[in-house]
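Peer 1: Sharing a structure here in structure tokens format.
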Amino acid sequence: MTIQDVIQWLNIGVKTGTLEVINKNENCLIYFKNGIIIAASSNNSRNHLGQFLKREGLITDKQIEKVRLLQDKTDDIFGLILLELGMLKEKDLHEGVKKQAEEIIFGIFDWNEGDFEFHDDELPSDQFIPVTLLAHNLIIEGAHRKDEWQKIKDLFPSRNIILALTERGQSELLNLELPGLDAEVMSKINGKRSIDEIINLCGTSDYSVFKTLEKFMLLDEIKVAGVKKAVEKPDKIKELMNEAKILRTEGYLEEAVLTLKKAYNEDPQNPEVWQELQSAQLSMEDAMKKVIGNLNRIPVLLTALDSPKIKSLILSAEEGFLLSRIDDFCTIKEIMSISGLKKEQVYHGLYKFLKKEIVGFQDQKKFINEIKGHEPKSLSEKLIRTFEMEFAMNGIKRVLTPHDQMEIINFYNKIKNADYFSMLNANRDSDKTEVVNSFKALISQYYPGQFLEMSPFFSMKLKAVIALLSAAVDTLCSNNKRLEYEKTL
């Protein structure tokens, strides 16, 4: 789901709240009211309102510094101080704020990777200057910019290109009537700096600088003076591939696919990355099928469709449609037939719903009813039954990975000859609550029913682990048994 899809979804859904979008370098907030974007902010200094107004020639560096000093004392917002001091007209301020919000959002459109989260009905309590931005217009302009970027890349294939002024450009530099950004960019071109260095010095968006350079080049005011030797960077593709390999080995298939997608975005032409991504996606599909089971299972909602838990989710159109077709009666196969969705779309949707704990299966409810009818005889059995019920309703079975296998063997060897206190990571001062909590934590880690399939060897090991832990908790939580046991130590 692209960020454009998210914005469109929030617009169509007439949502009010804050969309938080982050990557490793930047944290952006987009504010919605009834589906309309009313503001945007970023922690990137390039996106500061003062920089936008300065580039338009509306304020100077000295004025920016003066306003910032007053801001520290009064806590008023930057734009309102400009108005109070008479440095800016209200119309110019509004246009500047609107331009700032647009550039922040267009900048997000250019990201190769990032995460987002929508905070429903949450808007900033601090003052801000509202604008009106229509999602449809932003998305159309974003598509136009994508085409423009391609033209720019054809003209400047590398950010390491060194630019110099032509004779015409040198004459133009003396022109005092140059617009703010034109003057700033041109003043940074000296025949030694690369495009990348010029962008960093200008402190504005990449797109704005590139468009200005494109204009200069077409007017024959600048020329290519060489190419700066790129500083060798670590092999990011190799690092991502290795990271994905480790994730797959440890059974984190979804995370492995996301990591390989990052590698693919870095180099879409790399055949090794493409093959590894396809392989990981197939493995994840297989894992999903094992978790979801056969197509005759009946999915059931674990919470109402209008519950806050579901309302807070960002769902694609297909996921929303799939969720609306879960009625506690239709099988997965019937839902596929009714909805017209592909098998892969249904599997992905159900897998997501299971992880978010908003959907379960009818056979899970049946299992819960069965174990409810069995009265546990000991504390350990009661605790295990409680865990089984919770897992049946909310848990997702997973593959037993080599990492899991090693942990099981090591833990079994650790406790097979240990005393009951050591087994449960407790000591003689530990009370009943501490012992029970430790037992619960270990059961959640070594409960056999959470794994899809395993060899008889590991099945026996896990049953032995559960038996040892059960004996320990039953003894240490019984006053009489505990006193007798402590005498033997």
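Peer 1: Among (1) closer than 26 Å to Ile140 by Cβ; (2) crowded, with 20+ Cβ neighbours inside 10 Å; (3) among the hydrophobic types (A, V, I, L, M, F, W, C), there is one condition Phe106 misses while meeting the rest; what is its number?
Peer 2: With respect to (1) closer than 26 Å to Ile140 by Cβ; (2) crowded, with 20+ Cβ neighbours inside 10 Å; (3) among the hydrophobic types (A, V, I, L, M, F, W, C), Phe106 is out only on (2).
Peer 1: Residues to consider are Gln269, Gln281; find the one that is of a type outside the set (A, V, I, L, M) and at pLDDT 80 or above. So that I can check it myself, show each step before the final result.
Peer 2: Values: Gln269 fails: at pLDDT 80 or above.
Selected residue: Gln281, the only one of Gln269, Gln281 that is of a type outside the set (A, V, I, L, M) and at pLDDT 80 or above.
Peer 1: Still on this structure: So, in segment 1-34, how many residues would count as being under 20 Å from Phe321 (Cβ atoms), modelled with pLDDT of 85 or more and of a type in the set (A, V, I, L, M, F, W, C)?
Peer 2: 6
Peer 1: Could you tell me whether Arg297 is closer than 22 Å to Leu253 by Cβ and either β-branched (Val, Ile, Thr) or surrounded by 12 or more Cβ atoms within 10 Å (Cβ to Cβ) (or both)? Talk me through it step by step, then tell me what you get.
Peer 2: Details: closer than 22 Å to Leu253 by Cβ: yes; either β-branched (Val, Ile, Thr) or surrounded by 12 or more Cβ atoms within 10 Å (Cβ to Cβ) (or both): yes.
The answer is yes for Arg297.
Peer 1: All but one of (1) touching a strand residue (DSSP E or B) at 6+ places or on another chain (Cβ under 8 Å); (2) farther than 28 Å from Ile3 by Cα hold for Val185; state the number of the condition that does not hold.
Peer 2: Val185 satisfies all of (1) touching a strand residue (DSSP E or B) at 6+ places or on another chain (Cβ under 8 Å); (2) farther than 28 Å from Ile3 by Cα except (1).
Peer 1: Residues that are buried (at least 16 other Cβ atoms within 10 Å of the Cβ), modelled with pLDDT of 80 or more, basic (Lys, Arg) and assigned by TED's automatic domain parsing to the domain that holds Asp286: does segment 332-341 have at least one?
Peer 2: No, that holds for no residue.
Peer 1: Could I ask something else about it? Quick one: how many residues across segment 169-192 are among the charged types (D, E, K, R) and either assigned by TED's automatic domain parsing to the domain that holds Ile7 or surrounded by 14 or more Cβ atoms within 10 Å (Cβ to Cβ) (or both)?
Peer 2: The number of residues fulfilling the criteria is 4.
Peer 1: Here is a further query. Can you name the condition, by its number, that Asn25 falls short on among (1) over 18 Å from Ile7 (Cβ atoms); (2) of a type outside the set (A, V, I, L, M, F, W, C); (3) over 21 Å from the mean Cα position of the chain (by Cα)?
Peer 2: Looking at each condition in turn, Asn25 falls short on (3).
Peer 1: In this structure, is Gln51 in a helix (DSSP H, G or I), of a type in the set (S, T, N, Q), out of contact with any Pro (no Cβ under 6 Å at 6 or more places or on another chain) and surrounded by fewer than 17 Cβ atoms within 10 Å (Cβ to Cβ)?
Peer 2: Details: in a helix (DSSP H, G or I): yes; of a type in the set (S, T, N, Q): yes; out of contact with any Pro (no Cβ under 6 Å at 6 or more places or on another chain): yes; surrounded by fewer than 17 Cβ atoms within 10 Å (Cβ to Cβ): no.
Against the criterion (in a helix (DSSP H, G or I), of a type in the set (S, T, N, Q), out of contact with any Pro (no Cβ under 6 Å at 6 or more places or on another chain) and surrounded by fewer than 17 Cβ atoms within 10 Å (Cβ to Cβ)), Gln51 does not qualify.
Peer 1: Has segment 259-272 got at least one residue that is in a helix (DSSP H, G or I), of a type in the set (A, V, I, L, M, F, W, C) and either within 19 Å of Glu113 (Cα to Cα) or in contact with a His (Cβ under 8 Å, 6 or more places away or on another chain) (or both)?
Peer 2: yes
Peer 1: Can I ask one more? Answer yes if at least one residue in segment 69-84 is in contact with a helix residue (DSSP H, G or I) (Cβ under 6 Å, 6 or more places away or on another chain), surrounded by 15 or more Cβ atoms within 10 Å (Cβ to Cβ) and outside any helix (DSSP H, G or I), and no otherwise.
Peer 2: For segment 69-84, residues in contact with a helix residue (DSSP H, G or I) (Cβ under 6 Å, 6 or more places away or on another chain), surrounded by 15 or more Cβ atoms within 10 Å (Cβ to Cβ) and outside any helix (DSSP H, G or I): absent.
Peer 1: Tell me, yes or no, whether segment 456-464 has at least one residue that is at pLDDT below 80 and not assigned by TED's automatic domain parsing to the domain that holds Met284. Steps first, answer last, please.
Peer 2: Going through segment 456-464, the residues at pLDDT below 80 turn out to be 456-457.
In the following step, the residues that additionally are not assigned by TED's automatic domain parsing to the domain that holds Met284 were identified as 456-457.
Checking segment 456-464: at least one residue is at pLDDT below 80 and not assigned by TED's automatic domain parsing to the domain that holds Met284.
Peer 1: Can you tell me which condition Glu319 does not meet? The list is (1) within 22 Å of Leu10 (Cβ to Cβ); (2) charged (D, E, K, R); (3) modelled with pLDDT under 80, and all the others hold.
Peer 2: (3)
Peer 1: When you check Val291 against the structure, is it modelled with pLDDT under 80, hydrophobic (A, V, I, L, M, F, W, C), closer than 26 Å to Asp404 by Cβ and part of a helix (DSSP H, G or I), yes or no?
Peer 2: In short, yes.
Peer 1: Moving on. Look through Asp419, Asp429 and report the one residue that is in contact (Cβ under 8 Å) with a residue 24 or more places away in the chain and acidic (Asp, Glu). Explain how you work it out, then say what you get.
Peer 2: Values: Asp429 fails: in contact (Cβ under 8 Å) with a residue 24 or more places away in the chain.
Within the list Asp419, Asp429, the selection yields Asp419.
The values are calculated or read from the model by the stated rules, or taken from the named source; none is laboratory data. This structure is a prediction, so every number in the text was calculated from the model and none was measured. All Cβ positions, even for glycine, are placed from backbone atoms using ideal geometry, and neighbour counts span all protein chains on display.
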